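Presented below is the structure to which this report refers.
The values are calculated or read from the model by the stated rules, or taken from the named source; none is laboratory data. What you see is a predicted model, and the numbers here were worked out from it, not measured in a lab. Counting neighbours? That spans all protein chains shown, and the Cβs are built from the backbone with ideal geometry, glycine included.
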Amino acid sequence: MDSLTQFVLGATVSGALLGKITGPRKAILIGGVLGTLPDLDVLLPTADAVSSFVDHRGWSHAFAVHALATPVIGEALVRSIKALREARVRTWLAVFLCLTTHALLDSLTIYGTRLFLPFSNEPVGLGSIFIIDPLYTLPLLFVAIWGLATSRWSVNFGRASVVALVLSSLYLCFGIVTQHKMVARAQAAFSQVGINPEHLLVQTTAFNSVVWRALVVDGDHFYNAYLSVFDDPDVQPTIYEYESGAYLSACLADNQAFEKLAWFSRGYYMLSDNGGAAIVSDLRMGLTPNYVFSFLVAHAKDKRMIPVMPLRVESLRAFDEGDWEWLWKRMRGLRAVREPEAAAVLSSDKEDVVLKIQRSADCG
């Protein structure tokens, strides 16, 4: 999640546990700093752009590391803040929860968080909440601002902290339940046009939990569909079809950067040959064709794709003209074709059998 959300989440957790002991302001500041701490891994040096992308939300987000760090940080707080000296267990609990709630919240976004290192290196990324969601953040932000504005504990502040945590948690539950329902709807929608949805991902769109994107990668093609909570479930959604560039993977068989990206994206990636430059785009993040994370990993030479030091290819913009109007319509359950994808609408003559053109790899 964004840094503000992580700050106010940690602040509210700490405010609820330590506010009565230290006063709201100090508790909010302690929790806010702790809630931001795991994301400082972005400051660590990495070998290249792909490693920076893949290694983020690694060890600093692992529960085992949080368990080891808790007594160190907790004891430092107990010894430096007089009011906490008689509340060691409560302080350690606050530290642990500020760190772990950060990681748990991140694991609900689509990026991928390695919660279980060193026992498992598999990233957890549910995709049930967008990286920035005002409805989740606002109750926590209210409590954080209130706490910063006062140094004196009150029963009302304590109640507000608990209520904010309950409301924000219920919103997360709403996202998870809604995602489950959208998966079933997406499976039915893709099956209806002859697309095998075995490799299916359903995730929220920007800043909301009402409109969901369904993504299917199937061999040389991938497909987008956008589903709204308020859609008529009996109406077939618009499906958009694209080439995935999978045929280029044969040219990148020994490319370590490509292998990392293919693994981290869980297979939801697109390959493109841009004038002899092999570019890998993570399909999970960003709306087609503006992907947030794309990387140049090889150059064509002598009929081969030669690995290069990976470089991130920045998208010119996150949203295209008309996207906000389209999103607002879809949030209300109105049918609308997304203009930047209009040329890719799956035509009606493919509703029985989806035709696929198999391409052979040309690495030159």
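Would you confirm whether or not segment 120-140 contains a residue that is part of a helix (DSSP H, G or I), at pLDDT 95 or above and among the hydroxyl-bearing types (Ser, Thr, Tyr)? Yes. The residue that is surrounded by the fewest Cβ atoms within 10 Å (Cβ to Cβ), among those in segment 65-124 that are among the charged types (D, E, K, R) and under 18 Å from the mean Cα position of the chain (by Cα), is GLU122.
Within segment 1-15, track down each residue that is in contact (Cβ under 8 Å) with a residue 40 or more places away in the chain, in a helix (DSSP H, G or I) and not aromatic (Phe, Trp, Tyr).
Within segment 1-15, LEU4, THR5, GLN6, VAL8, LEU9, GLY10, ALA11, THR12, VAL13, SER14, GLY15 qualify.
Counting only residues that are over 12 Å from the mean Cα position of the chain (by Cα), of a type outside the set (Val, Ile, Thr) and buried (at least 22 other Cβ atoms within 10 Å of the Cβ), segment 273-282 holds 2 of them.
Of all residues in segment 306-318 being out of contact with any Asp or Glu (no Cβ under 9 Å at 6 or more places or on another chain) and surrounded by 12 or more Cβ atoms within 10 Å (Cβ to Cβ), which is farthest from PHE207 (Cα to Cα)? Ranking the qualifying residues of segment 306-318, first place goes to ILE306. Looking across segment 16-55, the residues that are in contact (Cβ under 8 Å) with a residue 24 or more places away in the chain and either closer than 30 Å to ALA257 by Cβ or not assigned by TED's automatic domain parsing to the domain that holds PRO71 (or both) come down to THR36, LEU37, PRO38, ASP39, ASP48, ALA49, VAL50, SER51, PHE53, VAL54. Against the conditions (1) in contact with a Pro (Cβ under 9 Å, 6 or more places away or on another chain); (2) surrounded by 14 or more Cβ atoms within 10 Å (Cβ to Cβ), SER154 satisfies every one except (2).
TRP153 meets each of the listed conditions (1) part of a helix (DSSP H, G or I); (2) in contact with a Gly (Cβ under 9 Å, 6 or more places away or on another chain) apart from (1).
Residues that are touching a Gly at 6+ places or on another chain (Cβ under 8 Å), charged (D, E, K, R) and within 24 Å of ARG338 (Cβ to Cβ) do not occur anywhere in segment 240-261. Taking every residue in segment 198-215 that is assigned by TED's automatic domain parsing to the domain that holds LEU327 and at positive phi and pairing it with any residue that is in a loop (DSSP other than H, G, I, E, B) and not acidic (Asp, Glu), at least 6 positions away or on another chain, the pairs with Cβ-Cβ distances below 7 Å are PHE207/PHE130; PHE207/ILE132.
Look through PHE264, PHE319, PHE258, PHE295 and report the one residue that is in the same structural domain as HIS221 (by TED's automatic domain parsing), without any contact (Cβ under 8 Å) to a residue 60 or more places away in the chain and of a type in the set (Phe, Trp, Tyr).
Result: PHE258 is the single residue among PHE264, PHE319, PHE258, PHE295 that is in the same structural domain as HIS221 (by TED's automatic domain parsing), without any contact (Cβ under 8 Å) to a residue 60 or more places away in the chain and of a type in the set (Phe, Trp, Tyr).
The residues in segment 162-197 that are within 19 Å of ASP133 (Cα to Cα) and touching a residue at least 60 places away in the same chain (Cβ under 8 Å) can be counted, and the count is 6.
Surrounded by fewer than 18 Cβ atoms within 10 Å (Cβ to Cβ), β-branched (Val, Ile, Thr) and either within 15 Å of TYR268 (Cβ to Cβ) or touching a Lys or Arg at 6+ places or on another chain (Cβ under 9 Å) (or both): does that describe VAL193? No. Determine whether VAL166 is within 26 Å of the chain's Cα centre (by Cα), closer than 13 Å to VAL13 by Cα, exposed (fewer than 13 other Cβ atoms within 10 Å of the Cβ) and of a type in the set (Val, Ile, Thr). It is true that VAL166 is within 26 Å of the chain's Cα centre (by Cα), closer than 13 Å to VAL13 by Cα, exposed (fewer than 13 other Cβ atoms within 10 Å of the Cβ) and of a type in the set (Val, Ile, Thr).
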